Structure formats: structure tokens, C-alpha cells
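The values are calculated or read from the model by the stated rules, or taken from the named source; none is laboratory data. Fair warning: this is a prediction, and the values are worked out from it, not measured in the lab. Here the Cβ positions follow ideal geometry from the backbone for every residue, glycine too, while neighbour counts run over all protein chains shown. When the accessible area is computed, the model is the full protein with side chains, heavy atoms only, and any ligands, DNA or RNA have been set aside. Shrake-Rupley method; radii C 1.70, N 1.55, O 1.52, S 1.80 Å.
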Amino acid sequence: MQACINIVQIIFIFSAVLIVIGAGLFFATEGSNPSTLGGKNISERLTVSIFQSISTRTAGFEMVDHSNIKTGSILSSTVLMIIGGASASTAGGIKINTFAIIVLAALSSLTGKKVVTAFKRQIPFDNVLGAIGITSLTFFSLLFLAIFLLRMEPNLPFEKVVFEIVSAFGTNG
């Protein structure tokens, strides 16, 4: 039972962090854009930013017209769509659990630790390898698809092509 509690803790913590970061990036990027958040009051800007941050990882709903968002918002939305929702959810992406293991593994590596831990429990090395494998396969697949589509449609903007590919991968579009 303890392992289940830890994965739930990881999901809640990483979800909360991603919601705050995603909302902050959307708010900062689109705050002065008159086509998206620029004409709204502060309360509406915060609400839309939080909604966009959550929805981008899970359902793909929108409160602003995505054809008017800036490149920074496209980039942050693309990263959130790649991450996606938690395991057992209908959201796509590599899953927040996989992303959490990748982040925890990177932190362990940077601090010189030989094992990956969360909440004083070791994450099995097979899980770390699986997370690295899924993430690597995802990025190489998305890269291949982007190159292929840009070759077929050279006049399309790069960021729009990548956004659409990731949107399809993450089941957000």
C-alpha cells in the first residue's frame, strides 16, 4: 500500500507544479496579447491561464483562439502535451509518472546519487530505464514525423507543424 501512496503523492506534486508553471508561462506570454488575454481583467487572465495549463495536458479544450497565441505559448503548450496526464487517465502523452521519473533520475544524476528515490523510497532501475525508453522513443517519433511533414508541406511554419503533431500524439486536438 505504501508504494501506491507514493505514486499518488508524485502525481499530485508534479501535477501541481506543472499547473503552476504552465499557467505562469501562459500568463506571462499572452498577458499583453490583445487577441488572447490582453483585453481581460486580472481575474479572467488568471482563470484562463490556469484552465489552459490544465486542459493542455489533458483534454485540449481552449478558452482562447490558438491561432492567435504567441510562439512561446505554442512551445510551452507543446511540452505540456508531451507530458500529458497521469497513468490510468484518458489523457495522452508520456504520462506524468514517466516525466516524474525522468526528472527524479536527472536530479539524482546531478547530485551524484547512484539510485533514484522519491519520498525516501527507491525507484526500481527497470522503471527508470522504461521511462527513459518511452521518452526517447516519443521524442524520436515526434522528430521523425515533424521532418516528414515539413518535407511534404515545406510552406507550413515549423512551430505549427510540431504543435499539431504533438496535439495528435497527446490526444489533445
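Taking amide H as placed 1.01 Å from N in the peptide plane, Ala86 has its amide H under 5 Å from the amide H of Ile96, each at least 5 places away in sequence or on another chain.
Note on Ser32 and Gln9: their simple-model spin labels are 4.2 nm apart, each label 7 Å out from Cα toward Cβ. Accessible surface computed residue by residue for the range 72-166, with neighbouring protein chains in place and a 1.4 Å probe, gives 61 Å² per residue.
Quotient of the Cα radius of gyration of the range 42-121 and 2.2 N^0.38 Å, N being its number of residues: 1.36.
Please report the projected area of the range 51-173's Cα convex hull averaged over all directions, in nm².
8.8 nm²
Amide H contacts under 5 Å for Ile123: Val116, Thr117, Ala118, restricted to partners 5 or more places along the chain or on a different chain, H placed in the peptide plane at 1.01 Å from N. Candidate membrane-span-like segments in the chain, meaning DSSP H helices with Cα atoms spread over at least 27 Å of their own axis and a Kyte-Doolittle mean of -0.5 or above, are 2-30, 125-152, with no membrane implied. Efficiency by 1/(1 + (r/R0)^6): what FRET value for Leu75 and Lys120, r their Cβ-Cβ distance, R0 = 35 Å, to the nearest 0.05? The pair Leu75/Lys120 has a calculated efficiency of 0.50. Taking the centroid of alpha carbons for each part, the range 12-49 and the range 66-108 are 16 Å apart.
If the segment from Thr90 to Ala168 were pulled out straight at 0.36 nm per residue, it would be longer than the present Cα-Cα gap by 26.7 nm. Other residues with beta-carbon under 12 Å from the beta-carbon of Gly84 carry, at +1 per Lys or Arg and -1 per Asp or Glu, a net charge of +2.
Cross-link partners of Lys70 among aspartates and glutamates, defined as those whose alpha carbon lies under 19 angstrom from its own and excluding same-chain residues fewer than eight positions apart: Glu30, Glu44, Glu62, Glu159, Glu164.
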